[in-house]
1. Remind me, relative contact order of the chain in percent, using alpha carbon pairs under 8 angstrom and six or more residues apart?
2. At 1.4 Å probe size, with the rest of the protein present, what percent of the exposed accessible area of the chain is carbon and sulfur atoms?
3. First obtain the Kirkwood hydrodynamic radius of segment 1-124 from its Cα pairs, then insert it into the Stokes-Einstein equation at 10 °C and 1.306 mPa s, and state the resulting D in µm² per second as a whole number.
4. Considering the alpha-carbon set of segment 259-302 alone, what are its Rg and its Dmax in angstrom?
5. Grab every C-alpha pair in segment 100-145, bin the distances at 10 angstrom width from 0 up to the longest one, and report whole percents.
6. Can you flag which of LYS199/LYS286; LYS104/LYS176; LYS57/LYS111; LYS51/LYS150 are past 31 Å Cα-Cα?
7. On a 1.4 Å probe surface of the protein chains, which of GLU149, GLU81 comes out largest in accessible area, and what is the full order?
8. Based on the Kirkwood radius over alpha-carbon pairs, what is the Stokes-Einstein translational diffusion coefficient of segment 45-104 at 4 °C with 1.567 mPa s viscosity, in µm²/s?
Amino acid sequence: MVTKKQYVFYILCYLMLVSFVVSYAVSNIVAYLLLALFLFDLPSNLKTKFKTLYANKIVLGFILLFLIQVFSLLYSTNTTEGLRRVEVLLPLLFLPLVIYAEPKNNNLFQKLLLYLKFTIPILFLALLFIHIFIDNRVVSTFVHFTLEEKLGVSQFYLIFILLIPLIVSSREISLKNNILLNAIILLSTLGIIVILGNKLSVLLLIALWLFLIIKKRDNLKKMLATALLGILLGILAFQIPVVHQRIQTFGNTLDFDLNTIITKNRFTVTKNTLEHRLLINYLASKEIAAALPFGVGIGDRQDVLNKQYEIINFKAGMLNQYNNHNQYLSEFLKSGILGGLVFLVLMALLIKSAFTSNQLGLITVLFFAIACGLESYLFRQHGVIIFTFVIPLFLNHKNTNYEKY
């Protein structure tokens, strides 16, 4: 029997996932409405819910990770920045608990996926329509102008929301359900991913898709079809000017010798993001070693990186004040061995859970785990929502029609 409270819970989940794209303020409000829904219950039910704290290692891991951030604030010299960072990370304290403790309903979850399968592509197409026909701008500026400047969200975060229509529609096609309609949704979603122009996201998706096919030991036809789809997606992406330019810049400027990278970045503002990440990782590792065992503190993480940029005159780093671009190193830098190890254990628990979950949960967690080596997701609210809401929501619904792909 479905209760009114379950209806409200899944409506709030729907609003969270939709608002993720268009409004940070709304998604923040929804997060606290979920907390209010969790607390607005009978004392006996609340007692049962809070037992999740002791029974669920993943929930405990999230809470422990947050407490470590608060502890690292105590020895941060930049307390203003530290408090701001702790505020961003507040959902670690309650969102996973809410998701895991609230009674779930698999039928409502399937309806949620169905609605999102339609809503998310339509939302992106509407934004694209406004960008082209109202703002009078070309497609190649969609990411920079509409997403980054107007909405304040990076395409590297949005890929997690686009996974929903991508995976659900492809699953429906494999089951031969409304093939034409789902094919339109799938192609529209792929087109949006291509327009976003993030080459790493495309490569990771293709790699994960091949991994799932090999894991299932599917027939050769499916493997060839997926490989062909990946090649086609790559060709289409390469035709977009911004992607073409980025790939050319990447190939023409890439070096692997650290001294060469340092020299190049000392004299000019370079645009090779892989080299930037290699250099940032090197500088962050120096600070991690110097600040063992407790780290520099959550408030001083960016300050010490900026100082390292100045020491070697890393022009792009000083100009943009890059964060770690590596969540694993970020945890070791700000909270030392304890914070780094807790984050690693938590990621291991999420991955373990993902392999007994559905395909949506598996791809999302694996994508996040790999991408954490290239992005500091928990530096922004969008990344925190992915970590504390999107991933637990997908993992907590194992017995759905989307379980076995």
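1. Normalised by residue count, the contact order of the chain is 22 percent.
2. Within the chain, the accessible surface is 67 percent carbon and sulfur.
3. Approximately 98 µm²/s, per Stokes-Einstein.
4. 12.7, 35
5. Calculated over all Cα pairs of segment 100-145, the distribution is 24, 31, 21, 18, 7 percent.
6. Pairs exceeding the cut-off: LYS51/LYS150.
7. GLU149, GLU81
8. Calculated translational D: 104 µm²/s.
The values are calculated or read from the model by the stated rules, or taken from the named source; none is laboratory data. Quantities reported herein were computed from a predicted structural model and do not represent experimental measurements. We place every Cβ from the backbone using ideal geometry, glycine too, and count neighbours over all the protein chains shown. Keep in mind that these areas ignore ligands, DNA and RNA; they rest on the heavy atoms of the full protein, side chains included. Shrake-Rupley method; radii C 1.70, N 1.55, O 1.52, S 1.80 Å.
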